[in-house]
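Visitor: One structure, pasted below without further comment.
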Amino acid sequence: MSGINKVILVGHLGKDPEVRHLEGGVTVASFPLATSETFNKDGKRVEQTEWHNIVLWRGLAEVASKYLQKGKLVYIEGKLRTRSFEDKEKVKKYVTEVVAENFTMLGRKSDFEPNAPTNGNSSNINNKIEDDFSTSIDEAGDLPF
């Protein structure tokens, strides 16, 4: 039986995605993701935050660079990858990353509208985002699934 390498995270972006364009037009985006959990220790509520390095490739990286921003809540599925590299002093270092296979933006739709007006009126520029996230409901009120 082969192993399973599956990671599911729900957390907040620690900073805007950093986007790079590699040889051959391949796009890669990366950002830190914070996940927090709370528990009781000696009768006091304690919050513990873990930071995860997220990497997205190609089309997923393009979408992330367009819609994700620091502080946004996101659901990510992917797999763990550990890679090594040499730093400037020629010391071998290891880094473990989550290579995302897909993600879902969580929260209100307005949370992901770029430059959303503060008065609550949406501009025509945001119609593309609305089209991306709209779900059709038939006349009987049933969802399409």
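The values are calculated or read from the model by the stated rules, or taken from the named source; none is laboratory data. Values in this document were obtained by computation on a predicted structure and should not be read as measured data. Here the Cβ positions follow ideal geometry from the backbone for every residue, glycine too, while neighbour counts run over all protein chains shown. These area figures cover heavy atoms from the full protein model, side chains too; ligands, DNA and RNA do not enter into them. Shrake-Rupley method; radii C 1.70, N 1.55, O 1.52, S 1.80 Å.
Visitor: If you go through segment 28-41 one residue at a time, do you hit one that is within 20 Å of ASN5 (Cα to Cα) and in contact (Cβ under 8 Å) with a residue 40 or more places away in the chain?
Guide: Yes: one or more hits.
Visitor: Of the residues LYS70, LYS66, LYS15, LYS44, only one is free of Cβ contacts under 8 Å to residues at least 60 places away in the same chain, open to solvent by 30 Å² or more (accessible area, probe 1.4 Å) and either small (Gly, Ala, Ser) or closer than 13 Å to PHE103 by Cβ (or both); which?
Guide: LYS66 is the lone residue from the list that is free of Cβ contacts under 8 Å to residues at least 60 places away in the same chain, open to solvent by 30 Å² or more (accessible area, probe 1.4 Å) and either small (Gly, Ala, Ser) or closer than 13 Å to PHE103 by Cβ (or both).
Visitor: Among the numbered criteria (1) surrounded by 16 or more Cβ atoms within 10 Å (Cβ to Cβ); (2) over 21 Å from LYS109 (Cβ atoms), which single criterion is violated by LEU80?
Guide: (1)
Visitor: For segment 18-41, enumerate the residues that are within 12 Å of the chain's Cα centre (by Cα) and surrounded by 15 or more Cβ atoms within 10 Å (Cβ to Cβ).
Guide: ALA29, SER30, PHE31, PRO32, LEU33
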